[in-house]
Every structure is written in structure tokens, then in C-alpha cells.
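J.: The structure follows.
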Amino acid sequence: MNITFPENFWWGAATSGPQSEGRFNKKQANVFDYWYEIEPEAFYEQVGPDTASNFYNSYKKDISMMKEIGLNSFRTSIQWSRLIDDFEEGTVNEDGVRFYNAVIDECIAQGIRPVINLVHFDLPAVLQEQYGGWESKHVVDLYVKFATQCFQLFGDRVSDWFTFNEPLVIVDGAYLYQFHYPNLVDGKKAVQVAYNLTLASAKAIAAYRRVNKNKEGKIGTILNLTPSYPATQSPEDQSAAHFANLWMNDMFLDAAVKGSFPKDLVEILKKDNVLWDSTEEETNIINTNRIDVLGVNFYHPHRVKQPSISSDSLAVNWMPNKYFDNYDMPGRRMNVDKGWEIYPQALYDIALNIRDNYDNIPWFVSENGMGVSKEERYLNADGVIEDDYRIQFIQEHLYWVAKGISEGSNCFGYHLWTPIDCWSWKNAYRNRYGLISNNIHTQVKTIKKSGYWFKNVAEENKFIMPDDLI
Ligand code: BG6
């Protein structure tokens with residue numbers, strides 16, 4: 001069966017500054033640089049972000065490899081801690097400016113559309129230490145200074161801007177479930193941070209609209225959408241799923257697209273005495289500065305059931321899990337290396353949800369992918385990794401994206417995570433996601449079988465879906 005895509009579809013891949021560049025020539029540390037300095041054992045095999053995939057030094061060659069596998073667009077992020085020297089003043093680092101100019105120009109020279117994101121979990125460490133990071137509205141304003149610099153420096157050539165990658169992961173990782181520095185467990189702060197990140201995004205959008213002179217220019221945000229499905233149709237499980245969806249998806253999505261937070265969520269947070277501190281002026285900023293486009297990161301669905309813990313045990317410290325438990329559905333299909341369920345149909349549910357409930361806003365799959373350990377297992381005699389599992393994973397997800405598009409959802413692209421195996425937060429190089437492999441000892445990069453396959457799909461703007469996968 002032929003699966004076809006609209007004209008000018010974005011075929012690309014995404015990475016981030018901190019995961020690809022390496023720390024070369026960086027004056028300032030981000031929170032992950034800093035965390036690695038003080039606690040290297042928190043990272044898989046004690047591998048930190050110092051070299052990453054060496055993009056700072058090898059960007060030209062890397063971009064030409066991206067060209068070789070047919071990418072027409074590529075997302076990375078500008079590291080705040082590389083571009084800015086003085087965070088209060090917003091003054092720039094000359095080498096940072098040179099580097100990002102060179103990357104953007106090289107993409108354009110190679111015919112690849114540069115898609116630029118501003119924060120990919122990489123808050124400057126000093127702002128966390130001095131002000132409590134995103135807990136502080138002063139940091140929100142410093143972020144707007146950084147964003148404005150980016151728009152002014154690069155906005156003539158970059159038309160596709162994103163304010164944040166996965167703000168919910170900052171909330172979850174740093175304030176609830178302890179997988180991002182500073183590893184706090186503090187529900188009240190988590191709620192405030194969620195609000196401050198929303199405010200920061202809206203203020204950056206306002207700044208963009210003030211300074212942008214590029215007629216093609218668009219700005220959006222990138223959200224990890226994780227549809228929450230109830231274990232059963234019982235009212236208790238359904239209400240657990242309702243809350244999980246409010247917290248994990250609708251909180252950021254409603255604010256970004258509709259300009260206000262979901263009423264049900266606000267009521268619950270108010271009742272629980274954890275509602276964020278906000279002003280009318282801020283609410284107006286959020287309301288009037290909505291996104292033009294949406295990036296959706298999708299990896300896995302979320303299965304939920306009614307909570308088993310009594311809410312009294314959470315009386316001291318509010319947690320979203322007060323309202324739901326995770327549910328390990330028997331028989332679900334898993335990527336065992338990463339521990340994530342594989343459920344491609346969720347992308348169709350997302351597509352229709354955006355079509356029906358979010359003004360059918362233009363959106364693209366900004367990340368999707370499969371992290372696999374020890375991929376040397378799949379090396380063939382020619383030294384190419386035969387990652388048929390990744391090809392199948394992409395085919396199945398694209399199938400549901402195409403179905404959503406055929407039913408009217410306004411999806412304009414698909415970006416895989418990631419072009420070249422890159423460093424990952426705590427997992428370092430344990431799971432590989434790339435279309436191109438990276439030997440982290442030699443930095444030799446080699447196209448995988450999926451890279452050749454992807455090139456073909458990008459060039460043809462279609463692929464043949466194997467019958468047994470439908
Ligand atoms: C996404 C992030 O959520 O997942 C990426 O935006 C990340 O930064 C990717 O690398 C894969 O997750 P992990 O933890 O396996 O790297």
C-alpha cells in the first residue's frame with residue numbers, strides 16, 4: 001500500500017545544542033553541564049556532555065551527511081549558555097554568535113531548512129543557583145532577553161522558531177520525579193514552574209512579533225503530547241485519565257493554542273491550594289500571544305487507572321499522581337531497551353484531537369523515534385547497522401500520521417529523533433536513536449540502513465507500507 005504525503009512536507013530530524021555540540025568554547029555551564037561536574041556518577045557510564053557528538057567542530061560534515069540522507073529540514077537549539085555571556089544584560093558571546101551563524105548558513109547552503117528551538121532543558125546553571133531557575137519570574141524576563149537576541153541575530157535567515165522543547169519535562173524532571181537537576185520533589189513549585197514556562201513562551205512570542213522583519217517567520221512551541229488512555233471504562237479510571245490528560249497535555253496545549261489554561265485543571269489546583277501565582281497582566285500576555293505552529297513530540301502513550309494511594313498521604317506535598325496511577329497494561333508492545341510502550345495509533349488520535357479541538361492549527365511531528373541499546377549487534381559485513389526495527393517503527397508511525405492528514409488534520413512534517421546518535425541527559429549514549437551512527441570514541445559517523453531508507457521516503461514523498469504492518 002502506497003502512503004503518500006502532501007507537497008513540501010518536512011522530512012527531517014531533530015537534535016538539541018546541549019546533546020550534540022559538546023562544551024567546546026562555552027564560557028557558561030547549563031544545568032546538565034553543572035550536574036555532570038558535581039555528580040558524574042548520575043550519568044550512564046559517567047559519560048557527560050563535554051564532547052557529545054562533536055557538532056561544534058564537525059557541523060559542516062554532519063550537515064552534509066544530513067543532506068546525504070535526504071533531510072529537507074533540521075531542528076537544533078541555540079544554547080543560552082553558549083550565546084549569552086552576561087545573562088542580566090543579555091550580552092552575547094562572539095564565538096557563540098559566529099558558531100550559530102555558521103550552522104544556519106551551512107544548513108541553508110546545503111538546502112536544509114534550519115528549525116530553531118530556544119530552550120531544550122538547558123537553563124544556565126547560575127540562574128538555577130541564584131534565582132531557583134524557572135521558579136522565578138525574573139528568569140522569565142532574562143529568557144526573553146536571550147530570545148530577543150536570537151530573533152535579532154538570526155531571524156533574517158531562520159523562519160521557524162520554537163520557544164521551548166517539552167516544558168512539561170522540566171516540570172516533571174526537576175520538580176516532581178527527580179530526573180533533572182535540581183531533582184526536587186515539590187508539587188507547589190512544579191505548578192508555578194509550569195505557569196512560568198507558559199508565561200515565558202508567551203512573552204517570547206510577543207518579543208518575536210515586535211522585532212521580526214521576516215515575512216515568512218513563524219513561531220511556536222514544542223510539546224510532548226502523551227495521550228492518557230484509561231485502563232477500563234469505569235468512571236474512576238476515566239476520571240483518572242481525564243486528569244492525566246489535563247496535566248500532561250492540555251495544560252500547555254490549551255495555553256499555547258487557546259490562550260488560557262483548562263478550567264477543570266485550574267479548579268482542581270485551586271481546590272488543592274497549589275494554584276500558581278499570576279497577575280491579570282500576565283494572563284493577558286498569555287491570552288494574546290498564541291502560537292502560529294505546534295511541534296508535537298510523540299514517543300509513547302500513557303495508560304492510567306484510578307489512584308491507589310489515598311490523597312491524605314499526599315497532603316503534605318502535592319503530586320499530580322494524587323489523581324491517577326500508571327497502568328502497566330498486560331500485553332502491551334514495548335521497546336524494552338527504553339521501557340516505553342510502542343503504540344503508533346496514538347499519533348492518529350493526536351492528529352484528530354488537534355483537528356477537532358485545537359482549531360486544526362498547523363503542526364508537525366517534531367520528535368518521534370526509537371532508542372535502542374548496543375546497536376553494534378546489528379552491524380553487517382559492510383559496517384552498516386541494519387536497524388530494520390527503526391524502519392518498521394517509523395513506517396508504522398507515518399502510516400497513522402498520513403491517515404490523520406487524509407482526514408483533514410493539518411500536519412506539515414515529520415522529524416525523527418535524531419539525525420546522528422547524540423548524547424542524552426542521564427542516559428548518555430546508552431540508547432541510540434540516529435539515522436546515522438556515531439562511534440563516540442573516534443567520532444566516526446556512518447549512515448544506518450534507516451538513513452538510506454529515510455532518504456528514499458524523503459525524495460519520493462511516499463513509501464510502501466508492508467501489508468503485514470497494517
Ligand atoms: C525527548 C527529548 O523527550 O526524548 C530529547 O526532547 C531526548 O532531548 C529524547 O533525547 C529521547 O529520550 P532519552 O531520554 O532516551 O534521550
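The values are calculated or read from the model by the stated rules, or taken from the named source; none is laboratory data. Please read all numbers here as calculations on a predicted model, not as lab measurements. Please note: Cβ atoms are built from the backbone with ideal geometry, for glycine as well, and neighbour counts cover all protein chains shown. Please note that ligands, DNA and RNA were not included when accessible areas were found on the heavy atoms of the full protein model with its side chains. Shrake-Rupley method; radii C 1.70, N 1.55, O 1.52, S 1.80 Å.
J.: Select, from Val372, Val336, the only residue that is in contact (Cβ under 8 Å) with a residue 40 or more places away in the chain, within 16 Å of the ligand (Cβ to nearest atom) and more than 21 Å from Thr232 (Cβ to Cβ).
T.: Numbers: Val336 fails: in contact (Cβ under 8 Å) with a residue 40 or more places away in the chain.
Result: Val372 is the single residue among Val372, Val336 that is in contact (Cβ under 8 Å) with a residue 40 or more places away in the chain, within 16 Å of the ligand (Cβ to nearest atom) and more than 21 Å from Thr232 (Cβ to Cβ).
J.: Asp85 versus (1) assigned to a loop (DSSP other than H, G, I, E, B); (2) in contact (Cβ under 8 Å) with a residue 40 or more places away in the chain: which is the lone unmet condition?
T.: (1)
J.: Here's a check for you: in the stretch 350-399, which residue that is hydrophobic (A, V, I, L, M, F, W, C) and in a helix (DSSP H, G or I) is surrounded by the fewest Cβ atoms within 10 Å (Cβ to Cβ)?
T.: Taking the stretch 350-399 first, the residues hydrophobic (A, V, I, L, M, F, W, C) are 350-352, 354, 361, 363-365, 370, 372, 379, 381, 384-385, 391, 393-394, 398.
Narrowing further to those that are in a helix (DSSP H, G or I): 350-352, 354, 391, 393-394, 398.
On the way: Ile350: 25, Ala351: 26, Leu352: 16, Ile354: 23, Ile391: 20, Phe393: 20, Ile394: 23, Leu398: 21.
Residue satisfying both the conditions and the ranking: Leu352.
J.: Restrict the check to the stretch 400-417 and report whether at least one residue is within 11 Å of the ligand (Cβ to nearest atom) and open to solvent by 20 Å² or more (accessible area, probe 1.4 Å).
T.: no
J.: For the stretch 20-62, which positions are over 23 Å from Glu106 (Cβ atoms) and polar (S, T, N, Q)?
T.: Gln28, Asn30, Gln46
J.: For the stretch 278-299, enumerate the residues that are surrounded by 19 or more Cβ atoms within 10 Å (Cβ to Cβ) and either of a type in the set (S, T, N, Q) or within 16 Å of the ligand (Cβ to nearest atom) (or both).
T.: Asn289, Leu294, Gly295, Val296, Asn297, Phe298, Tyr299
J.: Another question about this same structure. Considering only helices (runs of 4 or more DSSP H) fully contained in the stretch 89-176, which possess at least 1 residues that are closer than 27 Å to Val274 by Cα and either open to solvent by 10 Å² or more (accessible area, probe 1.4 Å) or touching a Cys at 6+ places or on another chain (Cβ under 7 Å) (or both)? Steps first, answer last, please.
T.: On the way: elements: 94-109, 125-131, 137-154, 167-175.
The qualifying helices (runs of 4 or more DSSP H) are 125-131, 137-154, 167-175.
J.: Going through Tyr175, Tyr208, Tyr181 one at a time, which residue ends up being modelled with pLDDT of 95 or more, closer than 24 Å to Pro114 by Cβ and in contact with a helix residue (DSSP H, G or I) (Cβ under 8 Å, 6 or more places away or on another chain)? Reasoning before the result, please.
T.: Numbers: Tyr175 fails: closer than 24 Å to Pro114 by Cβ; Tyr181 fails: closer than 24 Å to Pro114 by Cβ.
On inspection, the qualifying residue turns out to be Tyr208.
J.: Does Phe298 satisfy being within 26 Å of the chain's Cα centre (by Cα) and within 24 Å of Lys188 (Cβ to Cβ)?
T.: When the stated conditions are applied, Phe298 does not pass them.
J.: Can you tell me which residue in the stretch 1-30 is most open to solvent (accessible area, probe 1.4 Å), limited to those that are touching a Pro at 6+ places or on another chain (Cβ under 9 Å) and part of a loop (DSSP other than H, G, I, E, B)?
T.: Result: Met1.
J.: I want to confirm something. Restricting to the stretch 339-369 and keeping residues that are within 14 Å of the ligand (Cβ to nearest atom) and of a type in the set (Gly, Ala, Ser), which single residue is nearest to Asn8 (Cα to Cα)?
T.: Ser366
J.: Can you tell me which residue among Asp50, Asp33 is modelled with pLDDT of 95 or more, closer than 25 Å to Lys445 by Cβ, acidic (Asp, Glu) and crowded, with 18+ Cβ neighbours inside 10 Å? Talk me through it step by step, then tell me what you get.
T.: Details: Asp50 fails: crowded, with 18+ Cβ neighbours inside 10 Å.
Residue meeting the stated conditions: Asp33.
J.: From the set of residues in the stretch 55-83 that are of a type outside the set (Phe, Trp, Tyr) and open to solvent by 30 Å² or more (accessible area, probe 1.4 Å), which is nearest to Ile116 (Cα to Cα)? Give the steps one after another, and end with the answer.
T.: Step one: filter the stretch 55-83 for residues of a type outside the set (Phe, Trp, Tyr), giving 57-58, 60-73, 75-79, 81-83.
Filter once more, so that each one left must be open to solvent by 30 Å² or more (accessible area, probe 1.4 Å): 57, 60-61, 64, 67-68, 72.
Values: Asn57: 19, Lys60: 17, Lys61: 19, Ser64: 18, Lys67: 18, Glu68: 21, Asn72: 14 Å.
The selected residue is Asn72.
J.: If Ala428 satisfies every condition in (1) within 12 Å of the ligand (Cβ to nearest atom); (2) under 25 Å from Ile350 (Cβ atoms); (3) among the aliphatic types (A, V, I, L, M) but one, which is the exception?
T.: Failing condition for Ala428: (2).
J.: In addition: Any residue at all in the stretch 435-446 that's in contact (Cβ under 8 Å) with a residue 40 or more places away in the chain, small (Gly, Ala, Ser), surrounded by fewer than 20 Cβ atoms within 10 Å (Cβ to Cβ) and within 16 Å of the ligand (Cβ to nearest atom)? Steps first, answer last, please.
T.: Filtering the stretch 435-446 for residues in contact (Cβ under 8 Å) with a residue 40 or more places away in the chain gives 435-438, 440, 443, 445-446.
Imposing the further condition that a residue be small (Gly, Ala, Ser) reduces the set to 437.
Now restrict to residues that are surrounded by fewer than 20 Cβ atoms within 10 Å (Cβ to Cβ): none.
No, the stretch 435-446 has no match at all.
J.: Then there is this: Report yes if Phe261 is touching an Asp or Glu at 6+ places or on another chain (Cβ under 9 Å), hydrophobic (A, V, I, L, M, F, W, C) and open to solvent by 30 Å² or more (accessible area, probe 1.4 Å), otherwise no.
T.: Working: touching an Asp or Glu at 6+ places or on another chain (Cβ under 9 Å): yes; hydrophobic (A, V, I, L, M, F, W, C): yes; open to solvent by 30 Å² or more (accessible area, probe 1.4 Å): yes.
Criteria met by Phe261.
J.: Go through the residues of the stretch 449-470 one by one and say whether even a single one is under 30 Å from Gly173 (Cα atoms) and more than 23 Å from the chain's Cα centre (by Cα).
T.: No, because not a single residue in the stretch 449-470 is under 30 Å from Gly173 (Cα atoms) and more than 23 Å from the chain's Cα centre (by Cα).
J.: Condition first: outside any helix (DSSP H, G or I), open to solvent by less than 40 Å² (accessible area, probe 1.4 Å) and either more than 16 Å from the ligand (Cβ to nearest atom) or among the hydrophobic types (A, V, I, L, M, F, W, C) (or both). Can you find one or more residues in the stretch 37-46 that meet it? Don't jump to the end; show me each part of the working.
T.: The initial filter retains those residues of the stretch 37-46 that are outside any helix (DSSP H, G or I), namely 39, 43.
Now drop any that are not open to solvent by less than 40 Å² (accessible area, probe 1.4 Å), which leaves 43.
Retained after the next criterion (residues that are either more than 16 Å from the ligand (Cβ to nearest atom) or among the hydrophobic types (A, V, I, L, M, F, W, C) (or both)): 43.
Yes, because at least one residue in the stretch 37-46 is outside any helix (DSSP H, G or I), open to solvent by less than 40 Å² (accessible area, probe 1.4 Å) and either more than 16 Å from the ligand (Cβ to nearest atom) or among the hydrophobic types (A, V, I, L, M, F, W, C) (or both).
J.: Return the residues of the stretch 402-421 that are within 18 Å of the chain's Cα centre (by Cα) and more than 15 Å from Ser373 (Cβ to Cβ); say none if nothing qualifies.
T.: Taking the stretch 402-421 first, the residues within 18 Å of the chain's Cα centre (by Cα) are 411-421.
Cys411, Phe412, Gly413, Tyr414, His415, Leu416, Trp417, Thr418, Pro419, Ile420, listed by residue number.
J.: Scan the stretch 264-273 for residues that are under 26 Å from the mean Cα position of the chain (by Cα) and open to solvent by less than 40 Å² (accessible area, probe 1.4 Å) and report the count. Break it down into steps so the answer makes sense when it comes.
T.: The initial filter retains those residues of the stretch 264-273 that are under 26 Å from the mean Cα position of the chain (by Cα), namely 264-266, 269.
Now narrow it down to the ones that are open to solvent by less than 40 Å² (accessible area, probe 1.4 Å): 265-266, 269.
Count: 3.
J.: Of Asn321, Asn326, which residue is in contact with a strand residue (DSSP E or B) (Cβ under 8 Å, 6 or more places away or on another chain), of a type outside the set (A, V, I, L, M, F, W, C) and more than 16 Å from the ligand (Cβ to nearest atom)? Give the steps one after another, and end with the answer.
T.: Details: Asn321 fails: in contact with a strand residue (DSSP E or B) (Cβ under 8 Å, 6 or more places away or on another chain).
Of the residues listed, the single one that is in contact with a strand residue (DSSP E or B) (Cβ under 8 Å, 6 or more places away or on another chain), of a type outside the set (A, V, I, L, M, F, W, C) and more than 16 Å from the ligand (Cβ to nearest atom) is Asn326.
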